[in-house]
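Participant: Below is the structure I would like to discuss, written out as structure tokens.
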Amino acid sequence: MRIQFSIIFAVLITALSLCTIIALRSHKSIGKFVAALDFSLIPPIIGNLLIISSTSRNIATLGCYIYFIGMDMVMFALILFTAEYCKGTGNGQKIPGFVHWLLFLDTLQILLNPFTGFTFTIETIKVEHADYFRFVPLMGQSIHRLIDYGLFISVMLLFFITAMKTPKIYREKYSIILMTMFIAGLWQTFYIFSRTPIDRSMIGFGLFGLLIFYFSLIYRPLRLLDRLLSNIASEMTDALFVFDPTQKCIWANDQGCALTEIRPGDVDSASAKLFELFGGPGKPENISAERMIHNGKEIRYYILEEHTVTVEHKKLAGTYLRVRDITEAKMRIKREMYEATHDHLTGLYTREHLYKRIAETLANNPTVEYYVVFVDVKDFKVVNDIFGVEFGDYALKCIAQWIHNDMSDRCCYGRLGGDTFGVLVPKEEFDPENISETLSRLLISYKNAEYKLLIHLGVYAIDSDDSDISVMFDRAHLALATIKDEYNTYIAYYDNEIRQQILWGQNISAQLYDAIRERQVCPYLQPIADISGNIVGAEALARWNHPEHGFLSPASFIPIFEKNGMIVEIDRYMWRSACEILQKWQKIGCDKFISVNISPKDFYFTDVVAEIKGLASEYGVDPSKLRIEITETVMMNDADSRMQMLEDFRRNGFVVEMDDFGSGYSSLNMLKDMPVDVLKIDMKFLGRTKEKSKADTIVKNIINLSKELGILALTEGVENHIQFQSLSGMGCSLFQGFYFAKPMPVAEFETFAGIDKISE
């Protein structure tokens, strides 16, 4: 008997040791708790192995100590394992602290037994003619049993509660562990009352450790998995079909039955239905294919994914087919692609996609001659301002509809942005007479409002060397600048003259910096007279004496620089030149002023106030003699900020003039708020009407208005004595125009104004 149980215990020790090592290497969170429990079961078994195999009292006594302390270790590890394994049964309570203290104190009283004799003693008994050692329990042993049994029963109770609360499909593992614990506990109880030297319950505890290892780390609830997988497959939104190796359908979920219109009990006919819909479930290999079905009412899209299942030696066990409805995703992608390539308001191509389509069309039709057409709505901002954005949006939709209806499938068209559209049309299909007739009667009616849109078309004939689509549209756009009769001419063509103008602009733009450095660009002064005809100042105007082209008209370069922003360089040069002249005049005692122009572009590229203040300070110029001349268009954008700048000029002693008063529709509205000292009235404004008496009345009232506002009135463009006398009679203070003098070089002006006599 001694040998047989020694072998059994040795086998259990070996098995538990292996389980401990494997559990420690496990990636599962429960692994360390399993390892601790299996390892704690080894000492009590070793203790019993020493008790039954020893013939020495001392060794048997040592075995008892290892056995009793080991059981405390088992209880401690079992409690930790149970707390982790049965997690979720309670309300998250932690292990009471007194449990640890009970086990610690019990272990301590066992260790002190050699000194206290309180726990147990050893006696010798004969079993089957052999001597065995058996411990005799004392009071300490009763306490030990009470603690261990109490904790053991508590753990069993917790497993029982967990087994009752968990669904039946999970109950299996808890129930088996609970049953093993119950058997081991009974076995231990039998050992206590039988008084035999061999604790056979250690076999039960060893098996309990092995079961814990299995159920915690290896066990898979196959019934649960089978049911879960079945439920998952049945509840999938995709249709699922399972086939045997002969391609006979043996199972289909509800979605599969609905797709093939079969009853759940008639899955045999699924193969034929699938073949009818998709051409068969596919070959017995993994495939993925997109299919489209038109059922007469709508088009639907599906993805078919077929997979094979093999068993040992790669034998085919069957296949399963997954049919996924991707119609919504397909429609969403198409919708997103449409939104990415089409303007949301008009439904036409976006600019980027239009350029792409034009490039493709030109590449695919190299022998066809095309026009690129730039479509522009004249003064569309006014339409929005007067009728509102809703009317403006409707008008753009009407234009898009006209383009769509008037163009064939060979054309490409889209919205370039804002109120502009672009079209690629074969030359043979472009009918200017029909287009002009349509545009002449393009009336937009929306709700209670009507407005006749004025639309201009710039046309560029594509050359074989052209490749940049944006450049083509730029050239078509440039053609619009040639339309002089805005209301009777609708179409303009890009030609060589426009090309020469572009080249001219590029040429003189490249020469500007050298021209300023070499003083080819120089200031001309146009005299400004008072009511007595005395010259009191001048306006500085830029002129260019070109070494190759001679004296250039301002109209040949100023508009170009205003467009490309280089007007800023000319303005800066004029400001500095004016300061140089004023410095010279101040030294000889001349108190005449010079007005300098500030262009709208200056505000975007420089700090105008700081730069002019700096120049006046650098040259020691009296700020009141350097007058700042602006146009009302400067105030159109960011009016509050611009008015603050004008206030800064005035606070620093500069005189601010407002030029071209009356050339825009917002002058009177802005005049009440604008901080200006001089109002310049353009005589060209008066010459636009045949009603001279009405024009005179307007000018007279403007002059009176300026007086009441404390603003001086200056009329420019005065060409004869009659105009001078008339304006003087109306109360105008200052005058400028050819009646007095044209713009002239500085030296000539100084002679004309008598400044050279002052220096003498």
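Participant: Among the residues of region 1-42, what is the count of those that are assigned to a helix (DSSP H, G or I), more than 17 Å from LEU211 (Cα to Cα) and of a type in the set (Gly, Ala, Ser)?
Facilitator: Matching residues across region 1-42 total 2.
Participant: Is there any pair with a first residue in region 37-53 that is assigned by TED's automatic domain parsing to the domain that holds LEU207 and at positive phi and a second that is charged (D, E, K, R) and at pLDDT 85 or above whose Cβ atoms are under 6 Å apart and which are 6 or more apart or on different chains, and what are they?
Facilitator: That search, which allows pairs on different chains as well, returns nothing.
Participant: Mind telling me which of the residues LEU103, LEU151, LEU178 ends up being over 26 Å from SER54 (Cα atoms), in contact with an Asp or Glu (Cβ under 9 Å, 6 or more places away or on another chain) and buried (at least 18 other Cβ atoms within 10 Å of the Cβ)?
Facilitator: Of the residues listed, the single one that is over 26 Å from SER54 (Cα atoms), in contact with an Asp or Glu (Cβ under 9 Å, 6 or more places away or on another chain) and buried (at least 18 other Cβ atoms within 10 Å of the Cβ) is LEU103.
Participant: Now, a different point. Among residues belonging to region 486-500 that are more than 16 Å from ASP376 (Cβ to Cβ) and not in a helix (DSSP H, G or I), point out the one that is modelled with the lowest pLDDT.
Facilitator: The initial filter retains those residues of region 486-500 that are more than 16 Å from ASP376 (Cβ to Cβ), namely 488, 495-497, 499-500.
Of the ones still in play, those that are also not in a helix (DSSP H, G or I) are 488, 495.
Values: ASN488: 81, ASP495: 86.
Checking each candidate, the answer is ASN488.
Participant: Still on this structure, I have one more. For the condition among the basic types (Lys, Arg), surrounded by fewer than 17 Cβ atoms within 10 Å (Cβ to Cβ), in the same structural domain as SER599 (by TED's automatic domain parsing) and at pLDDT 85 or above, what is the one hit in LYS700, LYS684?
Facilitator: Values: LYS684 fails: at pLDDT 85 or above.
None of the other options fit; the residue is LYS700.
Participant: Quick one: in region 194-216, which of the residues that are hydrophobic (A, V, I, L, M, F, W, C) and over 20 Å from GLY63 (Cα atoms) is nearest to the chain's Cα centre (by Cα)?
Facilitator: Restricting to residues being hydrophobic (A, V, I, L, M, F, W, C) and over 20 Å from GLY63 (Cα atoms), the top hit is PHE215.
Participant: For residues in region 553-568 being surrounded by 18 or more Cβ atoms within 10 Å (Cβ to Cβ) and in contact (Cβ under 8 Å) with a residue 40 or more places away in the chain, which is farthest from the chain's Cα centre (by Cα)?
Facilitator: Of everything passing the filter in region 553-568, PHE557 is farthest from the chain's Cα centre (by Cα).
Participant: If you don't mind, there's one more thing I want to ask. Exactly one condition in (1) under 60 Å from the mean Cα position of the chain (by Cα); (2) at pLDDT 90 or above; (3) of a type in the set (S, T, N, Q); (4) surrounded by fewer than 19 Cβ atoms within 10 Å (Cβ to Cβ) is false for GLN725; which is it?
Facilitator: Status for GLN725: all satisfied but (1).
Participant: Can you confirm whether PHE98 is of a type in the set (Phe, Trp, Tyr), part of a helix (DSSP H, G or I) and either modelled with pLDDT under 85 or within 60 Å of the chain's Cα centre (by Cα) (or both)?
Facilitator: In short, yes.
Participant: Quick one: which residue in ILE203, ILE250 is surrounded by fewer than 15 Cβ atoms within 10 Å (Cβ to Cβ), among the hydrophobic types (A, V, I, L, M, F, W, C) and at pLDDT below 85?
Facilitator: Just a single option satisfies the conditions, and that option is ILE250.
Participant: Mind listing whichever residues of region 484-503 are under 28 Å from ARG441 (Cα atoms) and buried (at least 18 other Cβ atoms within 10 Å of the Cβ)?
Facilitator: TYR490, ILE491, ALA492, TYR494
Participant: Hey, another quick one. Being within 21 Å of ILE516 (Cβ to Cβ) and surrounded by fewer than 20 Cβ atoms within 10 Å (Cβ to Cβ) is the filter here; which residues of region 578-609 pass it?
Facilitator: GLU580, GLN583, LYS584, PRO600, LYS601, PHE603, TYR604, PHE605, THR606, ASP607
Participant: Within region 42-74, how many residues turn out to be within 60 Å of the chain's Cα centre (by Cα) and modelled with pLDDT of 90 or more? Give the steps one after another, and end with the answer.
Facilitator: Quick first cut of region 42-74, residues within 60 Å of the chain's Cα centre (by Cα) only: 73-74.
Retained after the next criterion (residues that are modelled with pLDDT of 90 or more): 73.
So the count comes out to 1.
Participant: Within region 448-472, which residues are of a type in the set (D, E, K, R) and under 38 Å from the mean Cα position of the chain (by Cα)?
Facilitator: Passing the criteria: ASP466, ASP468.
Participant: Hey, another quick one. Note down all Cβ pairs under 9 Å where the first residue falls in region 575-593 and is assigned by TED's automatic domain parsing to the domain that holds ALA616 and small (Gly, Ala, Ser), the second is loosely packed, with under 15 Cβ neighbours inside 10 Å and part of a helix (DSSP H, G or I), and they're at least six residues apart or on different chains.
Facilitator: Close Cβ pairs (under 9 Å, with a partner that is loosely packed, with under 15 Cβ neighbours inside 10 Å and part of a helix (DSSP H, G or I)) amount to GLY589/ILE758; GLY589/SER759.
Participant: Go through region 185-202 and report how many residues are part of a helix (DSSP H, G or I), closer than 22 Å to SER53 by Cα and not β-branched (Val, Ile, Thr).
Facilitator: The number of residues fulfilling the criteria is 8.
Participant: Within region 550-569, how many residues are over 24 Å from ILE498 (Cβ atoms) and of a type in the set (Val, Ile, Thr)?
Facilitator: Filtering region 550-569 down to residues over 24 Å from ILE498 (Cβ atoms) leaves 551, 568-569.
Of the ones still in play, those that are also of a type in the set (Val, Ile, Thr) are 568.
Of the residues in that region, 1 qualify.
Participant: Mind counting the residues in region 429-450 that are touching a helix residue (DSSP H, G or I) at 6+ places or on another chain (Cβ under 6 Å) and either modelled with pLDDT under 90 or among the β-branched types (Val, Ile, Thr) (or both)? It would help to see each step written out before you state the result.
Facilitator: Let us first name the residues in region 429-450 that are touching a helix residue (DSSP H, G or I) at 6+ places or on another chain (Cβ under 6 Å), namely 444, 446, 449.
Next, from what is left, pick out any that are either modelled with pLDDT under 90 or among the β-branched types (Val, Ile, Thr) (or both): 444, 449.
The total comes to 2.
Participant: Could you check how many residues of region 574-605 are closer than 20 Å to VAL634 by Cα and in contact with a Pro (Cβ under 8 Å, 6 or more places away or on another chain)?
Facilitator: Result for region 574-605: 1.
Participant: Looking at region 276-307, which of its residues are part of a loop (DSSP other than H, G, I, E, B) and at pLDDT 70 or above? Even if it seems obvious, please write down each step before you answer.
Facilitator: If we filter region 276-307 for residues that are part of a loop (DSSP other than H, G, I, E, B), which is where we start, we get 279-286, 295-298.
Matches in region 276-307: GLY279, LYS297, GLU298.
The values are calculated or read from the model by the stated rules, or taken from the named source; none is laboratory data. Everything numeric here is computed off the predicted structure, so don't read it as measured data. Using ideal geometry, Cβ is built from the backbone for each residue, glycine included, and neighbour counts are taken over all protein chains shown.
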